[in-house]
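Structure record follows, encoded as structure tokens.
The values are calculated or read from the model by the stated rules, or taken from the named source; none is laboratory data. Just so it is clear, the structure is predicted and the values come from calculations on it, not from any experiment. FYI the Cβ positions are ideal-geometry reconstructions off the backbone, even for glycines, and counts take in every protein chain you see. To get the accessible areas, we keep the full protein, side chains included, count just its heavy atoms, and leave off ligands, DNA and RNA. Shrake-Rupley method; radii C 1.70, N 1.55, O 1.52, S 1.80 Å.
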Amino acid sequence: MNNVNSDGILTIKNLSKSFGGIKAVNDLSFSITEGHIHAVIGPNGAGKSTVFNLITGVFMPDNGEVRFKNRNITSMRTDHVAKAGISRTFQNIRLFPEMTVFETVLMGTYLITGGKVFPALFLTKNFRNNEKAAKERVEEILHFVGLWDMRDEYAAKLSYGNQRRVEIARALAMNPQLLLLDEPTAGMNPQETKELMDLFSLVNKQGITILIIAHDMNLVNVLSDQITVINFGEKLAEGPPKMIHNHPAVIEAYMGRAEANA
Amino acid sequence: MKKMKELGYSKMGLIIGGIVLFFLPFLITNPYFIYVVNLILIYIILTLGLDLLVGYTGQVSLGHAGLFGIGAYSTALFSTKLDYSFWVTLPLATIITTMIGFVVGFIGLKLVEEYLVMATLAFGTILWLVFLNWSDLTGGPMGVSAIPAPPTIRIGSILEYGFNKYIDYYPLFVAFVLLSIFVTRLIIRSGFGRACTAIRDDELAAQAMGIPVFKTKVVMFTISSAYCGVAGALYAHFLHVVSPETFAFAMSVTILTMVMIGGQGSIIGAILGATLLTVTSEALRSTPELRMMIYGLLIILVMMFFPRGIMGLMHLFKEKFIKNKTVNTVVNSEVKKEGLRYE
Amino acid sequence: MIVDQLINGIVLGSVYALMAIGYTMVWNVLRFINFAHGEVYMGGAFVALYLALLDMPLWLAYVGGVVAGALLGYLMEKVVYKHMRTAPKLNLLIAAIGIAILLQNVAQFVFGASPERLHSPFLTESVLIGGVLINQHYVFIIIIAIIVMALLEIFINRTLMGKAVQAAAQNIHATELMGINANKVISITFAVGSAVGAIAGILVGPIFLVYPTMGVFAGLKGFTASVMGGMGNIPGALVAGLMLGIVESFATGFISSGYRDAVAMVILLVILLVRPQGIFGKIVQEKV
């Protein structure tokens, strides 16, 4: 299980994390190939979100290593992880409550403008250029995700699907190389799900690698190049969608249950 | 804060404010009123400074009275003990206050929310105890007196401008208020200012966008203390005396009340809050306990019913009567990250 | 000398411990710092003082003060905090500061600013314990503090309501499972915590006098003790209160008396930064 392809853009080795004696992630290893859409699936409480939080430095792992582009980013601070080129969305959408769509996405350009104080006070040329670049970037992204017409609406007032779009736009604003999407289609209706899936492949075509946590087998089957199945924080299976579909352990742990529920 | 900008609301307010400021000295001749106006100007600087921290970054400090005191005492001591001119003591006081503010912020901002509040309160209290007890330097409970006025400005024989009457300080204070407003606007519209707002609204999301949360907060705390330094220096040279009771806990509460009443995260709000409270406070000068009772009650009522202060109310009003497609935000309803456990 | 300072420290510490209980109990059920707790301490002492001036028997005046303190805490919650339960925590804290400012100045308006001594039947007498002469009122403070803590122990661990308060510390809705309304648990918590705070105020009234701002530092030190003990940890608050009192008492020997109050502030800062979970606490990582 642990012979991991270390050429991947993101490689996780023997990652473990427990909360109060309960192992949320246990000796987990997998690797993501650059340019792929890689899905992590598993039943509720399987530890998927914890994996994201371990990658992005929200939690410190008890054990193991996270490498991004051959750089060790284990336990790196969240903002440094972002700086390294990993951007993320959250399971429960986290938007700023009192900002318009444009302002929200502009927040994502921090790494472009740098957020220095003195240039802002003296309105240096560099500062003005950065601000202009940031705004142009936002404009470009809003067109890309199809929210330009709603740029002046309050983000929190949009439909659920569009809020998710805003969050993705904000994550894209920082020019990430790897985009982590945590249950991006949870709670969406089929139409919204379909539109978001189209958006993800569009993003992927821009050369951005995507790691997606999902629940919905359909979504990952169509979209992903590679799937890692986890349960109880451990890797159950890994492979392309077709292979996962027929994997006995997966059928037992995940599909079997889903079918029983259906 | 796009909503205000869109109606040219904030610009309009600033223009009206500018006109009022310009004509005020011609309308008011009573020196006492001029004195009050000057005090308001000092409070506006303090309020703008604290609002950068509270309103725009979401970090509450109850230690700003101590920093205000550092500004006032530094300038007082440099000018009385070393005979430095106002034009030297002002920047010196600002630098010293900023440095101490950096230390307080660097230590205090390792904490969040109510623990930050209590830590800044502890710092403010320690500073106040130093003003009160380091008698050799600060003059103890009596404070420092006979702080000289700024020196007369002379440009050849064309201009001679001395600081003798209250009214003479007015243009100087107006200049500093305008400078403060200008700097505040530059900050909140920069990438740095946006980062602060992101931290205020959602620290985790802010971090995920590459914003170094702790560093950004400390920088904003330091900037905020610079405002305290300037205000302290102006205060000391205007009143010619500083004493510890001015910089006690009540002052921190007063500045915070000004921010809250006006409406956090709004320049006009800060100006309104400072003006309203200074006027109330001067009107109730003879009964200070009544004044503080009103402060207390105001804080409670504002927090209970209008947590966004006057600006929030105005916004609500506008929303009701002037329909605008984008003005449909949440103002007084609570949309912050987490409330109490009991919901 | 050292024994004297130790006794002073224990007396002070008992008072801080009683104050800390109020902060910790409220924290347990609502996860919020009742900044106005110091004013309950002051309010209780003032009511006792005035009842005593009205020629009421002293014990009855004391009881009256405690009841008034409990009522004050109860009302704070009912009138203000209850309506802010979904508000951001900082708004609540600021409202609590408003309450503190209001109550201090109401007291100043009604009673005046000059400190007054609350009568005590024991103040003029001293007892010889183990070769050391101790003021009887000091002994009284320690005895009352012990009784109060014993009663509190019985209340929390032996009564249904006490168990509901404990359950509320885990999850406020759990009290509903016990058939007890959550609002009632919160009210009782405020009333009991405030009664204990008022007892502290009444106990020091005869030594440190009664005045409108007496609750400011007592409150800050009680809060310091509750943080030292670990927020929400009642036995921790007791031990920490005693420790704080003793440290403060001994520190006064080394620094000028003007800085006495700074000792607690420095301890508060150090504890918050180095061991925010308190001396006896464990770090609990919260899931995002």
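Ranking C:28, A:250, C:97 by how far each Cα lies toward the positive end of the dipole of the protein assembly as shown (charges on Cβ) leaves A:250 at the top. Bridgeable aspartates and glutamates around residue C:184 (alpha carbons under 19 Å apart, same-chain partners fewer than 8 residues away excluded): B:343, C:77, C:176. Dividing the Cα radius of gyration of region C:2-274 by 2.2 N^0.38 Å, with N the residue count, gives 0.97. Each peptide in C:127-136, B:303-312, C:114-123 was scored by the mean count of other Cβ atoms within 10 Å over its residues; highest first, the order is B:303-312, C:114-123, C:127-136.
Between helix B:191-201 and chain B there is an angle of about 60 degrees, using the helix long axis and the longest principal axis of the Cα atoms.
The simple spin-label model puts a point 7 Å past each Cα toward its Cβ; for residue B:95 and residue C:146 those points are separated by 6.0 nm. Among the residues of A:165-178, the average count of other protein chain beta-carbon atoms within 10 Å of the residue beta-carbon is 1.
Applying 1/(1 + (r/R0)^6) with R0 = 35 Å to the Cβ-Cβ distance of residue C:154 and residue C:82 gives a FRET efficiency near 0.80. Over every Cα atom in region C:124-272, the radius of gyration and the widest Cα-Cα span, Dmax, amount to 17.8, 55 Å. Computed from the C-beta positions of residue A:157 and residue B:214 and an R0 of 41 Å, the FRET efficiency is 0.80 to the nearest 0.05. Treating each Cα of region C:8-133 as an identical point scatterer and summing with the Debye formula, the log10 of I(q)/I(0) at q = 0.22 Å⁻¹ comes to -1.34. Once a ≥ b ≥ c are taken as the square roots of the eigenvalues of the Cα gyration tensor of region B:129-226, is the result rounded (a/c under 1.5), prolate (a/b larger than b/c) or oblate (a/b not larger than b/c)? Oblate. The mean number of Cβ atoms from other chains found within 10 Å of a Cβ in peptide B:212-219 is 3, as a whole number. By its C-alpha gyration tensor, with a ≥ b ≥ c as the square roots of the eigenvalues, how is region B:194-242 shaped: rounded for a/c under 1.5, else prolate for a/b larger than b/c, else oblate? In terms of gyration-tensor shape, prolate. Contact residues in region B:244-275 (at least 50 Å² less accessible area with all protein chains than alone, 1.4 Å probe): B:249. When the P(r) of region C:207-288 is calculated, the portion above 15 Å amounts to 60% of the C-alpha pairs.
Shown here: the protein assembly as shown, whose C-alpha atoms stretch 90, 85, 52 Å along the first, second and third principal axes, sorted largest to smallest. For the pair residue B:135 and residue B:316, the difference between a 0.36 nm per residue extended length and the Cα-Cα distance amounts to 60.1 nm.
In the context of the full protein assembly, residue C:125 retains an accessible surface of approximately 90 Å², using a probe radius of 1.4 Å and ignoring ligands and nucleic acids. Taking label points 7 Å from Cα along the Cα-to-Cβ direction, residue A:132 and residue C:176 give a separation of 5.8 nm. Highest mean packing comes first when the peptides A:25-32, A:116-123 are listed by Cβ atoms within 10 Å, giving A:25-32, A:116-123.
Rg/Rh, computed from the Cα trace of region A:1-127 with Rh as the Kirkwood radius, has the value 1.05.
Peptides B:273-280, B:120-127, ordered by how many other C-beta atoms sit within 10 Å of their residues on average, highest first, read B:120-127, B:273-280. Cross-link list A:48/A:83; B:217/C:89; A:157/B:320; C:89/C:221; B:318/C:78: which exceed 26 angstrom alpha carbon to alpha carbon? In this structure, B:318/C:78 lie more than 26 Å apart at Cα. Gyration tensor over the Cα atoms of chain A: the corresponding equivalent ellipsoid has semi-axes (square roots of 5 times the eigenvalues, largest first) of 33, 22, 16 Å.
Here the label points at residue A:33 and residue A:218, each 7 Å from Cα along the C-beta direction, are separated by 2.7 nm in the simple model. Over the C-alpha atoms of region B:32-246, the Rg to Rh ratio, Rh being the Kirkwood estimate, stands at 1.01. Length available on full extension from residue B:14 to residue B:146: 0.36 nm per residue minus the Cα-Cα distance, which gives 43.9 nm. Mind running the shape call on region B:71-135? Use the C-alpha gyration tensor, a ≥ b ≥ c as the square roots of the eigenvalues: rounded below 1.5 for a/c, prolate if a/b tops b/c, oblate otherwise. Verdict is oblate for region B:71-135.
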